[in-house]
1. Taking the simple approach of a point 7 Å from Cα along Cα-to-Cβ for both residue 122 and residue 160, what is their distance in nm?
2. Calculated from the structure, Kirkwood radius over Cα pairs in Å equals which of (1) 18.5; (2) 16.1; (3) 16.9?
3. Rounded to two decimals, what ratio of Rg to Rh does the stretch 57-121 give with C-alpha atoms and a Kirkwood Rh?
4. Counting other C-beta atoms within 10 Å, which of 16, 94 has the fewest, and how do the rest follow?
5. In nanometres, what is the gap between the two model label sites at residue 101 and residue 141, each 7 Å from Cα along Cα-to-Cβ?
6. For residue 31 and residue 60, compute 0.36 nm times the residue count separating them, minus their Cα-Cα distance, and round to one decimal in nm.
7. Taking the simple approach of a point 7 Å from Cα along Cα-to-Cβ for both residue 149 and residue 112, what is their distance in nm?
8. Take the alpha-carbon positions of the stretch 70-161, form their convex hull, and give its projected area averaged over all directions (one quarter of the hull surface) in nm².
């Protein structure tokens, strides 16, 4: 098995491996452009990207300890503390002390936070749906299948860690 950075490559034929990298490169580029486009709607939420991202983790992942939230967002605990403090000030999250250990805190999205996040998500999806407006049904079917394949591949990759 060959290793490039943190990615382990199987010993597949060179042409197949090259094609896999080409697909990965195109997906990477398309995903970045797609997210940049969708993010244009986030200014309407009047929250920064870090806050919206953390709020999304709380809304879809449920209440969690500060350290778990920091790990999910790939930031250090002090950074997450500042993000959570901002969410709390805005009434989008609440902080509770752990019943077993008062030094630990648990962060939960409030109903206001859930509404804000769902509205922001709906705006992003609406913009993306409008972007796909010019595609024919077979092309949309292809994109749906591609999304399913990406979800499966990511799920398998996460399961291997």
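1. Roughly 3.9 nm, to one decimal.
2. Computing Kirkwood radius over Cα pairs in Å and matching it to (1) 18.5; (2) 16.1; (3) 16.9 gives (1).
3. 0.96
4. 16, 94
5. For the pair residue 101/residue 141, the computed spacing is 5.3 nm.
6. Stretched fully, the residue 31-residue 60 segment lengthens by 8.4 nm.
7. In this crude label model, residue 149 to residue 112 measures out at 4.5 nm.
8. Taking a quarter of the hull surface, the average projection is 8.9 nm².
We did not get these values from a lab; they are worked out from the coordinates using the rules stated. In this text the structure is predicted, and so the values were computed from the model without any measurement. Here the Cβ is made from the backbone with ideal geometry for all residues, glycine too, and neighbour counts use every protein chain on show.
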